[in-house]
């Protein structure tokens, strides 16, 4: 299978590629009448994605084969919509995906084209705004009532995870944590207790645990200090070990933010005067990404340094244990 193209997709796959958790999520998120038609056989993950290339950063998908009561097969297409707001193009895009699935299934064979399996589409959405897009392509058609009588209703189900209380997202802690992590990505000023609740539900030592931790580091508007505090509240015995598993992610995030700020500062203040100022901004950006807002005294001290003095501080900013340690002399290597 191709590697995930973004962190939303990676977390989505980490959750749904596990057959047991996929079965739990599908039964919980499908309408009760449809869920009741599924047998106890686990869903079988099928290879392939049906999303257009230009939508890969805002959507992820998985396709399963399930068995219905009565013995007939059906396909269950799950689409994760991770734009921050509902996309009016979803009904039309989804219809296109269903056509691609049926086309691949039929392989041009007449017997299959006449007996296509039903596809049950399910959209999971975790954006900021409530879902407001029609759930049927029929509702998008500009047609008179007498014309509509000739049309079949192609409808999909939407479970808007955002407004759903955290405990109701799933009865399974791991599924609940992964869905909670996806939803919280758009929450500003996320309460420490809410972050700790997600971390507490993660299964110790499983791949999904690290996947969620990386997702949080990469996408949440929190500092490294806030992250460690949540880890300490959720899993005190494993705080240090869990922090170390994503230490490199914090370093890369700090460097990226610092470089962006430094470049912007350099552009704004001019190439000639802005080189040292840009380096100072890079140091500040890394420190703030890791520890929170830097005080004015440190900003002034950095502003007084030249480029040669600032250069080694960029590397120190990504490795020190605290802001105060930035100007401390490096520890001597052990003999």
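The values are calculated or read from the model by the stated rules, or taken from the named source; none is laboratory data. Since the structure is predicted, the reported quantities are computational estimates derived from the model, not experimental observations. Cβ atoms come from the backbone with ideal geometry, glycine included; neighbour counts cover every protein chain shown.
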Condition check: in a loop (DSSP other than H, G, I, E, B) and in contact (Cβ under 8 Å) with a residue 40 or more places away in the chain. Does residue 171 satisfy that?
yes
Just one of 187, 175 is in contact with a helix residue (DSSP H, G or I) (Cβ under 8 Å, 6 or more places away or on another chain) and at pLDDT 95 or above; which is it?
175
Could you check residue 150 against (1) loosely packed, with under 14 Cβ neighbours inside 10 Å; (2) farther than 24 Å from residue 72 by Cβ; (3) modelled with pLDDT of 85 or more and say which number it fails?
(3)
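To keep it simple, each residue is scored yes or no on (1) over 17 Å from the mean Cα position of the chain (by Cα); (2) surrounded by fewer than 18 Cβ atoms within 10 Å (Cβ to Cβ).
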| site | (1), (2) |
| --- | --- |
| 156 | yes, no |
| 171 | yes, yes |
| 184 | no, no |
| 187 | no, yes |
| 217 | no, no |
Pick from segment 219-230 the residues that are touching a residue at least 24 places away in the same chain (Cβ under 8 Å) and surrounded by fewer than 21 Cβ atoms within 10 Å (Cβ to Cβ): which of them is nearest to residue 285 (Cα to Cα)?
223
Matching residues in segment 13-29 - criterion: being buried (at least 20 other Cβ atoms within 10 Å of the Cβ) and either closer than 15 Å to residue 159 by Cα or in the same structural domain as residue 218 (by TED's automatic domain parsing) (or both)
25, 26, 29
Given the conditions (1) outside the structural domain of residue 86 (by TED's automatic domain parsing); (2) more than 21 Å from residue 17 (Cα to Cα); (3) under 15 Å from the mean Cα position of the chain (by Cα), which single one is not true for residue 198?
(2)
Residue among 122, 76, 116 that alone is in contact with a helix residue (DSSP H, G or I) (Cβ under 7 Å, 6 or more places away or on another chain) and assigned to a loop (DSSP other than H, G, I, E, B)
116
Pair list, Cβ under 9 Å, 6 or more apart: segment 31-46 residue touching a residue at least 12 places away in the same chain (Cβ under 8 Å), other residue loosely packed, with under 15 Cβ neighbours inside 10 Å and in a strand (DSSP E or B):
31/157; 34/157
Take segment 191-216 and flag every residue that is over 27 Å from residue 24 (Cα atoms) and touching a residue at least 24 places away in the same chain (Cβ under 8 Å).
192
Only one of 47, 9, 18, 57 is farther than 20 Å from residue 136 by Cα and touching a strand residue (DSSP E or B) at 6+ places or on another chain (Cβ under 6 Å); which?
9
